[in-house]
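K.L.:
First the structure, which I've put down as structure tokens, then a few questions once you've had a look.
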Amino acid sequence: MSITSKQSRVTVRSLQAMKERGEKIVMLTAYDASFAAILEAAGVDVILVGDSLSNVIQGHDSTLPVTMEDVLYHTRAVARASRQSLLMADMPFMSYWSVEVALQNAARLLKEAGAQAVKLEWTQAQPDIVAALSREGIPVCAHLGLRPQAVHKTGGYQVQGRDKETATELLIQAQRVESAGADMLLLEAIPAPLAADITQRVRIPVIGIGAGVACDGQVLVLYDVLGISAGPAPRFAKNFLQQSGSVEAAVKSYVQAVKAGIFPAAEHTYQK
Ligand code: KIV
């Protein structure tokens, strides 16, 4: 590609511009080329190869067993069908425990698999890691709130930030994410008013899952959108296939609902 040719792929800079214009960002997971092609055609802005592949593809009961090789394999498959969406790959549990290890693994996701951004679950030890990735030109999305990789420490998948103390702490951490140089923030399972406050206070795009409609964008696990996840669906999930009749129409309906600001509705949201 010449440096003067038109850049048609979504980038973290175009997502930033969308936030500034008040245009909703649509993110959805995919793990293979066939579904990725459907997401591309429907106009999904960001395709996430989530470590949720552990649950929905591999049948595990948590995201912890997923390896770098697993995420590389699925990211390569998605990359073959991806032309315009930004392709983001999740960093597996313990693949970013030091700056050096994080740099090596994130670089593999970009160089070997074709991702254009990585996502990692944020802890207080993360600023150095995010800053190092950012210095090397690797776009980063930090995942805050409910962190599935910490399930054995937290004792389950609970809504976060429900009391004043933990809500304040989440706001502080969101501001640290931004100061560390992250390009995006993902908030999972937190009360909608708190997510709205965080979205207003940080300049980077905020993507919500179970965090209310005021976030700059939304993400769901594709299998929840298609109503084929094993076990009971979380409150924030919606089966779009039921009302659509085809996989393509279901994904389009999710995209339209997010763009129009009508998903998530109150029934998919935690108020406190
Ligand atoms: O792995 C995943 O699918 C995720 C979602 C919760 C966004 O991180």
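The values are calculated or read from the model by the stated rules, or taken from the named source; none is laboratory data. On a predicted model such as this, the values are computed, not experimentally measured, just so you know. Ideal geometry is used to build each Cβ from the backbone, glycine not excepted, and the neighbour counts take in all protein chains shown. Note: areas computed on protein heavy atoms with side chains; ligands, DNA, RNA excluded. Shrake-Rupley method; radii C 1.70, N 1.55, O 1.52, S 1.80 Å.
K.L.:
Looking at region 89-106, is at least one residue touching a Lys or Arg at 6+ places or on another chain (Cβ under 8 Å) and open to solvent by 30 Å² or more (accessible area, probe 1.4 Å)? Outline the logic, then answer.
P.N.:
To start, the set of residues in region 89-106 that are touching a Lys or Arg at 6+ places or on another chain (Cβ under 8 Å) comprises 89-91.
In the following step, the residues that additionally are open to solvent by 30 Å² or more (accessible area, probe 1.4 Å) were identified as none.
No, there is no match, as no residue in region 89-106 is touching a Lys or Arg at 6+ places or on another chain (Cβ under 8 Å) and open to solvent by 30 Å² or more (accessible area, probe 1.4 Å).
K.L.:
Can you tell me which residue in region 201-216 is farthest from the ligand (Cβ to nearest atom), limited to those that are touching a Leu at 6+ places or on another chain (Cβ under 8 Å) and open to solvent by less than 10 Å² (accessible area, probe 1.4 Å)?
P.N.:
Checked region 201-216; the qualifying residue farthest from the ligand (Cβ to nearest atom) is 202.
K.L.:
Do you know which residues across region 217-226 are part of a helix (DSSP H, G or I) and more than 11 Å from the ligand (Cβ to nearest atom)? Spell out the reasoning first.
P.N.:
We begin by selecting, within region 217-226, every residue part of a helix (DSSP H, G or I); these are 222-225.
Within region 217-226, 225 is the sole residue that qualifies.
For every residue, the table says whether it meets (1) at pLDDT below 95; (2) assigned to a helix (DSSP H, G or I); (3) out of contact with any helix residue (DSSP H, G or I) (no Cβ under 7 Å at 6 or more places or on another chain); (4) surrounded by fewer than 18 Cβ atoms within 10 Å (Cβ to Cβ).
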{"residue": "108", "(1), (2), (3), (4)": "no, yes, no, no"}
{"residue": "123", "(1), (2), (3), (4)": "yes, no, yes, yes"}
{"residue": "131", "(1), (2), (3), (4)": "no, yes, no, yes"}
{"residue": "138", "(1), (2), (3), (4)": "no, no, no, no"}
{"residue": "142", "(1), (2), (3), (4)": "no, no, no, no"}
{"residue": "149", "(1), (2), (3), (4)": "no, yes, yes, no"}
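K.L.:
When the residues of region 18-49 are filtered to those that are open to solvent by 40 Å² or more (accessible area, probe 1.4 Å) and assigned to a loop (DSSP other than H, G, I, E, B), which remaining residue is farthest from residue 223 (Cα to Cα)?
P.N.:
That would be 22.
K.L.:
Shifting gears a bit: Quick check on region 235-249. Is at least one of its residues within 16 Å of the ligand (Cβ to nearest atom), open to solvent by 30 Å² or more (accessible area, probe 1.4 Å) and over 25 Å from residue 32 (Cα atoms)?
P.N.:
Yes, region 235-249 contains a residue that is within 16 Å of the ligand (Cβ to nearest atom), open to solvent by 30 Å² or more (accessible area, probe 1.4 Å) and over 25 Å from residue 32 (Cα atoms).
K.L.:
Scan region 224-234 for residues that are buried (at least 21 other Cβ atoms within 10 Å of the Cβ) and touching a residue at least 60 places away in the same chain (Cβ under 8 Å) and report the count.
P.N.:
Step one: of region 224-234, the residues buried (at least 21 other Cβ atoms within 10 Å of the Cβ) are 224-225.
Then keep just the ones that are touching a residue at least 60 places away in the same chain (Cβ under 8 Å); that gives 225.
Result for region 224-234: 1.
K.L.:
I would also like to ask the following. So, in region 53-74, how many residues would count as being open to solvent by 20 Å² or more (accessible area, probe 1.4 Å) and either within 14 Å of the ligand (Cβ to nearest atom) or in a loop (DSSP other than H, G, I, E, B) (or both)?
P.N.:
Result for region 53-74: 12.
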